[in-house]
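Novice: Questions regarding the structure given below will be posed in turn.
The values are calculated or read from the model by the stated rules, or taken from the named source; none is laboratory data. Just so it is clear, the structure is predicted and the values come from calculations on it, not from any experiment. Backbone-built Cβ (ideal geometry, glycine too); neighbour counts: all protein chains shown.
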Amino acid sequence: MPLGKMLLAKELVKAEQLKAAVARRRVAGGRLEENLVALGFLTQEKLDAFLQEPPPVPTTIRDTGLDTSFLVRAVLKIMHTSGCQTIPEIAHYIRLSRGIVEAVLEIIRKDKLVEVRGATDSNFAILRHTLTSMGRERALEALQQSRYVGPAPVSLAQYGGQVQKQTVANEKVNSEVLSRALSHLVLPPRIIRQLGPAINSSKPILLYGPSGNGKTSIAEALGQAFQQTVYVPYCIEVDGHLIKVFDPAVHEEVPSNLPSEEWDASQISLKPAEFDPRWVRCRRPDVVSGGELTLEALDLKLDPLSNDYEAPLQMKAAGGVFVIDDFGRQLVRPQELLNRWIIPLERKIDFLTLHSGKKFILPFDELVVFSTNLSPEDLMDGAFLRRVHYKLRVDLPSVEDYRTIFRRVCALYELEVPEILSYVLNVFYPETGTPRAAFHPRFIIEHVIAACNYEGIPPQLTHNLVNAALQNLRIVKPATVEG
């Protein structure tokens, strides 16, 4: 181990021993790492270096955190289903070093599950391995237990440690970064001032107010305020079962800064990996769930065909933002959903259960944002409202903000701002009693463009076309039929 890492390890061990003392001192800031820095037991530079270290590349079977028997089954499945025959091919497929794969193959060879069939045509130093009849039987048995074939999982302990290192609470967002993330929205300065401390606290946020005024857009934009990268495992192993975590639909991979090189299985050695290849370097995730959210979506989902699990939404959002949009309009009752969140939000841990009945604990680390157009008092009781530390009302836009939004939408569609805008603000809204909303300008202009396309004329914001669009904002009650 390099001298610098040895010194850092000693500092961190010393820090562990001081937990109780720090708790008694109750140094402001709350988090152990900050307290240790404040007390002088750990320098900020060493702390930052430790927290930013990627998952180390395992060099031995023990380093993987996995049982040897698990790795044996994984290699047998890969060789049976993918046709991989050489150590470089298997190593690339399973995302482990060639040294580890060679050690696993040595065990398999001793059990007479594989045999060497000579060198490859392109490189005589690389041997080809094929499964024996006994090896194929063992591979089929392994596939009956789990049909997953791909990158090796990480252990639950490794996953928990990495999530805690890259916690969303580590990243502090300043006003400049937050303003840039929200620059596409027209918001009163009050909202931005309130959002800053809320984000940096990593405490739950409730956005509420009338519909159509940007609550969802604000919630979705918060993820863009975070700049740091995190490491997401392809999957984790718990009690012999696989839980798939990395999801391309959720996680945005950040490419390496190093020059890319095409992988070549014919080469004996390659440049060492930057980090454990079983992990993917990503932007902090941003998961949005709306009215379709159910309690089942917050639990492990067993695939009956593969016999593997899909990670729940909150697990995929670890280290990032989890938005519960349209809160109160889910199929499940709000109180049931909130009861599921009480312990995770309070203690920052979550409990999941395998179909075998085994329960396990993992970190719950994400910025949770509730967005609703319903009254908070109707959704949450006092006990839960106390747990939501930041409550921001997103109200109707002011007249000036409405004008700014209208101008921006006109510029987007390359249209001139019409004189009829004064009529919309000074006549239509007051006379009809229709409340202004931030989504109205785009609504009006898109209706006008649709009408122009139908008439076969260039898009133009005439009085008649705008007025026709405005009628779609009014709710006309049906006339009462007598007799």
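Novice: Going residue by residue through the stretch 73-85, is there one that turns out to be modelled with pLDDT under 90 and of a type in the set (Ser, Thr, Tyr)?
Specialist: Going through the stretch 73-85, the residues modelled with pLDDT under 90 turn out to be 82-85.
Right, trim to of a type in the set (Ser, Thr, Tyr) and you get 82.
Looking through the stretch 73-85, at least one residue is modelled with pLDDT under 90 and of a type in the set (Ser, Thr, Tyr).
Novice: If you take the residues of the stretch 170-184 that are in contact with a helix residue (DSSP H, G or I) (Cβ under 6 Å, 6 or more places away or on another chain) and in a loop (DSSP other than H, G, I, E, B), which of them is nearest to Asn213 (Cα to Cα)?
Specialist: So, considering only residues that are in contact with a helix residue (DSSP H, G or I) (Cβ under 6 Å, 6 or more places away or on another chain) and in a loop (DSSP other than H, G, I, E, B), the one nearest to Asn213 (Cα to Cα) is Leu182.
Novice: Quick check on Gly291: is it in contact with a helix residue (DSSP H, G or I) (Cβ under 9 Å, 6 or more places away or on another chain), modelled with pLDDT under 95 and not hydrophobic (A, V, I, L, M, F, W, C)?
Specialist: Values: in contact with a helix residue (DSSP H, G or I) (Cβ under 9 Å, 6 or more places away or on another chain): no; modelled with pLDDT under 95: yes; not hydrophobic (A, V, I, L, M, F, W, C): yes.
When the stated conditions are applied, Gly291 does not pass them.
Novice: To continue, here is another question. When you check Asp325 against the structure, is it in contact (Cβ under 8 Å) with a residue 60 or more places away in the chain and either surrounded by fewer than 19 Cβ atoms within 10 Å (Cβ to Cβ) or charged (D, E, K, R) (or both), yes or no?
Specialist: Working: in contact (Cβ under 8 Å) with a residue 60 or more places away in the chain: yes; either surrounded by fewer than 19 Cβ atoms within 10 Å (Cβ to Cβ) or charged (D, E, K, R) (or both): yes.
Yes: the conditions hold for Asp325.
Novice: Shifting gears a bit: Being under 24 Å from Asn373 (Cα atoms), of a type in the set (D, E, K, R) and touching a helix residue (DSSP H, G or I) at 6+ places or on another chain (Cβ under 9 Å) is true for just one of Arg407, Arg403. Which residue is that?
Specialist: Values: Arg407 fails: under 24 Å from Asn373 (Cα atoms).
Every option except Arg403 fails the conditions.
Novice: Does the stretch 243-254 hold any residues that are surrounded by 18 or more Cβ atoms within 10 Å (Cβ to Cβ) and either of a type in the set (Asp, Glu) or modelled with pLDDT under 95 (or both), and which are they? Even if it seems obvious, please write down each step before you answer.
Specialist: Filtering the stretch 243-254 for residues surrounded by 18 or more Cβ atoms within 10 Å (Cβ to Cβ) gives 243-246, 250-251.
Across the stretch 243-254, the qualifying residue is only Val250.
Novice: Still on this structure, please answer the following. Just give me the residues in the stretch 399-450 being of a type in the set (Gly, Ala, Ser) and closer than 24 Å to Leu182 by Cα, in sequence order.
Specialist: Pass one, the stretch 399-450, residues of a type in the set (Gly, Ala, Ser): 411, 422, 433, 437-438, 450.
Of everything in the stretch 399-450, those that are of a type in the set (Gly, Ala, Ser) and closer than 24 Å to Leu182 by Cα turn out to be Ala411, Ala437, Ala438.
Novice: While we're on this one: For the stretch 47-156, list the helices (runs of 4 or more DSSP H) that sit wholly inside it and hold at least 1 residues that are touching a Cys at 6+ places or on another chain (Cβ under 7 Å) and of a type in the set (A, V, I, L, M); which are they? Talk me through it step by step, then tell me what you get.
Specialist: Numbers: elements: 68-82, 87-94, 98-110, 133-145.
Qualifying helices (runs of 4 or more DSSP H): 68-82, 87-94.
Novice: Could you list all residues from the stretch 204-220 that are hydroxyl-bearing (Ser, Thr, Tyr) and in a helix (DSSP H, G or I)? So that I can check it myself, show each step before the final result.
Specialist: The initial filter retains those residues of the stretch 204-220 that are hydroxyl-bearing (Ser, Thr, Tyr), namely 208, 211, 216-217.
Thr216, Ser217 - these are the residues of the stretch 204-220 that are hydroxyl-bearing (Ser, Thr, Tyr) and in a helix (DSSP H, G or I).
Novice: Scan the stretch 185-203 for residues that are in contact (Cβ under 8 Å) with a residue 60 or more places away in the chain and assigned to a helix (DSSP H, G or I) and report the count.
Specialist: 7
Novice: Only one of these is surrounded by fewer than 14 Cβ atoms within 10 Å (Cβ to Cβ) and not assigned by TED's automatic domain parsing to the domain that holds Ile243: Ala169, Ala157, Ala139. Name it. Walk me through how you get there before you give the answer.
Specialist: On the way: Ala169 fails: surrounded by fewer than 14 Cβ atoms within 10 Å (Cβ to Cβ); Ala139 fails: surrounded by fewer than 14 Cβ atoms within 10 Å (Cβ to Cβ).
Testing whether each residue is surrounded by fewer than 14 Cβ atoms within 10 Å (Cβ to Cβ) and not assigned by TED's automatic domain parsing to the domain that holds Ile243 leaves just Ala157.
For every residue, the table says whether it meets (1) surrounded by 15 or more Cβ atoms within 10 Å (Cβ to Cβ); (2) modelled with pLDDT of 90 or more; (3) closer than 25 Å to Leu195 by Cα; (4) not assigned by TED's automatic domain parsing to the domain that holds Glu346.
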site	(1), (2), (3), (4)
Leu379	yes, no, yes, no
Phe384	yes, no, yes, no
Thr404	no, yes, yes, yes
Leu412	no, yes, no, yes
Val424	yes, yes, no, yes
